[in-house]
Structures are given as structure tokens and as C-alpha cells.
Amino acid sequence: MKKILPLFLLIVYISNAGLKFDYQRLDMHYDGLVFNNNYIFFYGANNSIARTDLNNENWELIKIINEETDIIKIRNEDSGFYGISEQSVFRLNSEGKPLNTKSFEAVSEFKDVIKLDNNFLILNENSIDILDNDFEKINSVFFNENIVTTKMELFNDNLIVGTTNGSLYSFVNGIDNQPEIFDFVEKGLIDSSSNVSNFKINNNYLFFSLNNKIYKTTDMSSFEEIISHSNNYNVIKDTLFCLKFDQKNIGAVNDQIKFYRNIDNNIEQISNPNLKRYFDLIISTGFEFITPDIIFAFGFDNLILKSSDGGINWNVVSYYKPGLDIHWVNNQTAYNSNISGVVYKTTNGGITWKSQKKMDFDIKNWAFDYCSYFDDSGKGVLFGSLTQKGYPNVLYTNDSGNTFDTTYIEELGHYSFSSYEAPLIKHGSDYKLFYAGNYNNWSYTLLFTISDDFKYAKKERIDSLHFWVIKKYNNHYYALVRDMRHDDGQEPDTCVYHILKSIDPGINWDTVVTMRTLDTIIHYMDVIDGYAYLGGIYWTGREDTSSYHVLYLVNIDNRSHKLLKFDNMGAYNSFFKYRNDIVTGAKNGIMICSDIKKDPWNWDLKSIPGQTIWFIKGFFDNTMYAYTLDRHFLKFTFHEDTPVEESGAEVIKMFNYPPYPQPANNHVSTEIYWDSRYDMQNATITVHDYTGKTIRKPGEISVNKMNVYHGEIIWDCSSVSSGVYFINIRLGGTTRTVPVVVGR
């Protein structure tokens, strides 16, 4: 498990002073679900749960612990839930919101958790830790050093523990007793490297998997083998069900979601044999029964399938196909399309995605490249590439993706369009599609105009230029283009770029600025407040590094440009403005310039350890969506926690001594002095985490006044997890911030 030292957290907070943000990963894989009378909770990656109501209409992503690890297990208890991540234990209320959490410096990652009486049993690789109701460690039970555990379960008052060594341990009437060991290797059923795992309890039976076979028992003395077509199984009413996806190869059509029922060892497929859904790659990690008829299957890539008729038919509740071609039309709604004409849509800010167009015969011959465009008017279009003659090469919608139609445009049939080499814009009622072409030593751009009803209008040619990016600003269009002609008198590896300007994005453009760069590929542009921000890569040819990232700033009014950054930290693939700050992606974070006019060279790195922000795909108000270099999908929420001074508020003197003890366990205090004209009992005191986010339930904070100007502030920090926190004390017009390290 990744650990972040408290000192490092403190450094991160200080470096992020001013602009603050929270972020969460939206790409997930699901490993399990729990539910109650109001909600269903899917859990897995990123210490998050995706909560939905029973109708799957309202979704919320809830962060359990601020660690980039997985939730291993969540179980029900009387008034809520409890569970573990890789090295943390937590309790949730009935709405899935964290009540208390605790992290441990463990030798190995946690495997499972069970509540027994008033204690919590946490399964480690080679032991079981026993915690009290407050997550304080009481004792540990150790296995033989050669034993590696898998999962555990309670069955008929016995604690059952599986291993990777082909054996099963049964603790009878208490964890303190010596376990009974069932060695399936000695029974000749498996070899010594076989897993005993995947326990299911139903009525009087304990089911478990033994390698790729399923067994059941009632008395832990005899074990009956159950025939199964898949190790992905579950049990309800003593009947075993299993789920299997058939796929010919990666990227092929999954034309069968096979759901089987086992009655008296007779296998019967009960799912609809004509069921067809398209997924590029499905790996299901499990399924659960909500009722005998309502079943949810879950897995990787936010995969959630639902059956409402006992497994006969299945519908997609959520499936997210990762990819960079995503179009946000507002802060909740976006479209994502893949190479086979399948369009996915989210209406809740990226938590869940649903396929709007399934794979069918009409568009199955699309090539790899395509261009797409969606807007908030409900219009959307995909232009396919290199399709066979007569087959549709246009997929479009006029109703926000509720329905799609296809058509064939002969004039587009010979070209290969790519979102990264062929800009597609909407001008008035026309679509403008720019195609960069080459023939021998001749380079050019073809400009196709397609009408609003997806009819071919005309084709024009712009010689010698390749259009890379087009942005609209102040009713003008600005284009980043590369001049493909050799620039006489320059080095042969000189790249010439132009920023062009036009009111009507046709074939006539005015030059704003020309840039000659050596060994530099400029690949991105945004236009903000009269400046064009250009990102690119400079190829060094050195052994220690292959390239540096470069950032240019173009003043489009006075037609000048300058190099701002030359480093290996920035990504510079997109830019936006938040209040007065310019923000772009960077290695291990984001970079922010607070005053581009006065100090354009000063960019602060806001650290996000392990997350290189590569493409910013949408920004609305205070919400940003971005992809990381390793294709994680992140949502940022920007905010400023700097207190707003009341009009006419007097700035007073206030001083405090360092808090004690450090690190704190359950309580921490700080001695403080203030202006005697004010009463510290009237102070506003809040607690924030290291990102600046206010802790909603920090625990009790009290003021022990010693006299009119001197006292002690005491914080009961037992309700928060280990980490760095900041106590903000606001009195009159002054705020004092006290950093506190909590460690247990």
C-alpha cells in the first residue's frame, strides 16, 4: 500500500496555498456490492463507493479514505456497514458516509474482515488481528509461517479461513481455540498450490471454490463437488448460479452473456440466447442477488449489468470505455465514442456511463480513425474512416443521443479522419472537417463542409498547411497550423508554425504570428483573454532524456510570442482560466500561473503524487475533468478556503504556540494569545485537511480560557484518520492557522 508521510502532506498543503482543489478518480473496477432498503453500494478501486438508489437513477461517488488503494470488503451491520481497504478499517452509516476510519502500518495487505460479537477480525496474509469496537488492536492469531490465507467466513458459529496452500481452517467456538485443519491436498483433490476461497453461505450450506471447482458442505466433514461452468458464482435458495461471458477475441462482439442455474448438478442456461451487447473487453468480477429476480453483475471499467427477471435478460447500467475522445457539453453531461461507432453518455458527471449506440451490422466495418462532435443543443455526429463503399460512414443524433441514425457520404469515403489530426468544428449550421493530406512531396488540407442535416456541401483545398487545432475566441476562429514547406535559409529540421485568424473558417485566413522552432513539435493550443497558449515537445537527442516539454505564449493583439517554459514537468496539452489563474496539466500535478500579464514565467506546481495530468477534457465553473498519463479519469473541484474579510473588520493580533502532542492521538491542544478586547469564545474554529477541504465532523473543539487574553484550544481528534490537518481560528478580522499531525 502506498504511504504518504505526514511531513510530506504538510509540504503539499503549503505549496498549494491559495488555490485549493479536491479530486477523485472516476474510473473504477468493482469487486463487490452491499445494499440496504434504500441504496446499493458498489465498491472496489480508489477507496470509493458508487452509491445508487434502488431504481439506479441517482448516483453519488463517496470517498472512504484519502488513499489510492482498493476497498477489499464491505459487510452489513445493524445500523450501517463496516469494511477494510488494503491497510485500513472503517465504519459507514446507512447512507455509506464514513463514520470512523483507522489506518495500520501492517506488514501485508488486509484480505478480509468479519465482525464477531463486539470485535472485528481482520485477515492478514499470515495472521488474524483482533480489534475492539473502537478499532484498537487487542490480540493477533498467527498461522504456520508457510500458510498464506485468502478469505474467511462465519458458518454455524465457526470461523472458516481459506488458504493458497490447498487447506481450510475452521475455528470452532472462538478464535482463541486451536483450528481444525482440512487438507484437500491429502484428500487428493488438489495440489499444494491451490486456492481455497470465494465462500458463500446459504441456509445450511457452505459453498467455496477449490481451484476451478465448486464444493459445498453442511457439517465440515464431507464435501460435495458441484458442477459449474464458471468460478464466477453465487447461491440463492440453495441453488447455485454462475455467470460467463463468451468472447472470440479482444475487440470482438460478445454475443453471449451466459447465465447458468445448477439444480441437482444439472446445468441449465437461463439467459436469453439471443442477448447481444457490445463491449471491447469484459471481465466480470462477481454478481449479487438483491431479490431472486433482481441481479447485478459488476467488474472492470465501471461495468454494471442488471437483470430484473432472474437472469434471463440483462441491461447495461454502467460501462465506461476509457478513451481520450470525450466531449463535455456541461459539467454533468458528456459523450465518449470508440472506434466501432459505439457512443457512451454520462449525465451525472462521469460516475456512470451508458451505451447509447450498440454494435450493429451497419457500422461494424469502421476503421480505427474517426472524428466526432457533440454540443449542448442535442446535436452529435461521428465521421467514420475508410468504410466500405455503400456502408454508413456517418453516425448522428439530433436528440442528445436518445436515438442515432446513419448515412453514407460518398465524398468522405476515401479518407481516414482522426480527432488528433483532423479538426472538426461547428460554424453556424455547417460542420467543417479539416483533413491533413500528403501526396509525394505535396502537403495540403482538404476542408469538407457538411450541412446541419448531414448532407455533403463542398470540398476546398488549402495548399502547404496542416491544420492541427482550431479554437473560437471573440467571434473569431484561431488555428494552429504547421507549414509543410521547406523554409529556405533555415536548418532542415526547423518546424514552421502559424497562428491563423478568420471570422469564417473557410480557406481564407490571416496570419497572426509565425514561429520557427528547431526540433520542436507544437501540438496543442488554447486561446484565453487575448493570449494563445501553445504546448509542444522539443526533441533533445540526448541520452539522459528524449524530450522536453515547451510552452509558448502568443499575444494575438500585438502579434508577438515568447517561450515561457522549457522543462520536463509540464504536459501543456490544455489550458483554462479559473478566476485569475491559468491552469494546465503537469507531471505529478497541475501547474498554475496567478498573473500571466505581469509574471508569465512563474508557474507553481500543485502536487498530486503519482498522477500526471495529461489531457484536460472539460472545465465548467469550478469543475475540471482530466485524463492522466496512465489513462485514469479524474474529476477536480476547485475552491478557495481563504476567509473573506468582513467589510470594515479590524485586523487584530493573535499568536499561538505549537500544538502538543505531535503527533496527536486522540487529543491535541495549542496555547493561544489574543487581543483582550475580543472574546475567544466568539471565535469561529474550523478544521481542514491538507487539500484545504473542510472536515464536516471533526470532533469536539473547546476553548479553555485562562484569562481575558490567554487560553488553550483543545481538539478531540479521535474521529479523524491519520494525516495532517489545519485548525483555522478566526477572531475579528484575523485568522490563525495551526497545523496538526494526527498519527496512530
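Summary of values
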item	result
Test: residue in segment 115-131 that is out of contact with any Pro (no Cβ under 6 Å at 6 or more places or on another chain), in a loop (DSSP other than H, G, I, E, B) and basic (Lys, Arg)	no
Test: residue in segment 280-288 that is buried (at least 21 other Cβ atoms within 10 Å of the Cβ) and either in a strand (DSSP E or B) or at pLDDT below 90 (or both)	yes
Residue in segment 397-405 that is open to solvent by 10 Å² or more (accessible area, probe 1.4 Å), modelled with pLDDT under 95, farther than 22 Å from residue 328 by Cβ and not in a loop (DSSP other than H, G, I, E, B) present	yes
Meets criteria (touching a residue at least 60 places away in the same chain (Cβ under 8 Å) and in a loop (DSSP other than H, G, I, E, B)) for residue 652	yes
Matching residues in segment 513-529 - criterion: being over 23 Å from residue 615 (Cβ atoms) and not in a strand (DSSP E or B)	519
Scan of segment 76-104 for residues that are free of Cβ contacts under 8 Å to residues at least 40 places away in the same chain and not in a strand (DSSP E or B), ordered by number	78, 79, 97, 104
Filter result for residue 583 (at pLDDT 90 or above, over 28 Å from residue 336 (Cα atoms), in contact with a Phe, Trp or Tyr (Cβ under 7 Å, 6 or more places away or on another chain) and surrounded by 21 or more Cβ atoms within 10 Å (Cβ to Cβ))	no
Yes/no for residue 109 being modelled with pLDDT under 90, open to solvent by 40 Å² or more (accessible area, probe 1.4 Å) and out of contact with any helix residue (DSSP H, G or I) (no Cβ under 8 Å at 6 or more places or on another chain)	yes
Test: residue in segment 56-64 that is open to solvent by less than 40 Å² (accessible area, probe 1.4 Å), at pLDDT 90 or above and charged (D, E, K, R)	no
Filter result for residue 333 (open to solvent by less than 10 Å² (accessible area, probe 1.4 Å), modelled with pLDDT of 90 or more and among the polar types (S, T, N, Q))	no
Any hit, segment 113-122, residues being modelled with pLDDT of 95 or more, open to solvent by 10 Å² or more (accessible area, probe 1.4 Å) and under 23 Å from residue 299 (Cβ atoms)	no
Hits in segment 258-279 (condition: of a type in the set (A, V, I, L, M) and either over 25 Å from residue 354 (Cβ atoms) or at pLDDT 80 or above (or both))	263, 267, 270
Residues of segment 140-185 satisfying the condition of being closer than 18 Å to residue 119 by Cβ and open to solvent by 40 Å² or more (accessible area, probe 1.4 Å)	142, 154, 157, 172, 173, 176, 177
Breaking point among (1) among the β-branched types (Val, Ile, Thr); (2) over 38 Å from the mean Cα position of the chain (by Cα); (3) surrounded by fewer than 15 Cβ atoms within 10 Å (Cβ to Cβ), for residue 684	(2)
Only listed residue being closer than 23 Å to residue 301 by Cα, out of contact with any helix residue (DSSP H, G or I) (no Cβ under 6 Å at 6 or more places or on another chain) and either hydroxyl-bearing (Ser, Thr, Tyr) or at pLDDT 85 or above (or both), chosen from 385, 355	355
Selected residue (criterion: nearest to the chain's Cα centre (by Cα)) from residues of segment 212-238 that are at pLDDT below 90 and farther than 18 Å from residue 168 by Cβ	232
Residue in segment 67-82 that is surrounded by the fewest Cβ atoms within 10 Å (Cβ to Cβ), counting only those that are closer than 24 Å to residue 353 by Cα, touching a helix residue (DSSP H, G or I) at 6+ places or on another chain (Cβ under 8 Å) and not hydroxyl-bearing (Ser, Thr, Tyr)	68
Long-range neighbours under 8 Å by Cβ, at least six apart or interchain, first residue without any contact (Cβ under 8 Å) to a residue 60 or more places away in the chain and at positive phi within segment 260-272, second open to solvent by less than 30 Å² (accessible area, probe 1.4 Å) and not acidic (Asp, Glu)	265/226
Residue 462 being among the aliphatic types (A, V, I, L, M) and in contact with a Ser or Thr (Cβ under 6 Å, 6 or more places away or on another chain)	yes
Filtered residues of segment 141-158 (kept if in a strand (DSSP E or B) and hydrophobic (A, V, I, L, M, F, W, C))	141, 142, 152, 154, 155
Complete set of residues in segment 159-177 that are farther than 16 Å from residue 194 by Cβ and at pLDDT below 90	172, 173, 174, 175, 176, 177
Qualifying residue in segment 186-193 (condition: of a type outside the set (Lys, Arg) and outside any loop (DSSP other than H, G, I, E, B))	no
Residue match in segment 70-88 (condition: under 22 Å from residue 720 (Cα atoms), at pLDDT below 95 and within 15 Å of the chain's Cα centre (by Cα))	yes
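The values are calculated or read from the model by the stated rules, or taken from the named source; none is laboratory data. Treat the numbers as computed from the prediction; the structure is a model and nothing was measured. For neighbour counting, all protein chains shown are included, and Cβ atoms are generated from backbone atoms with ideal geometry for every residue, glycine included. All accessible areas refer to the heavy atoms of the entire protein, side chains included, with ligands and DNA or RNA removed. Shrake-Rupley method; radii C 1.70, N 1.55, O 1.52, S 1.80 Å.
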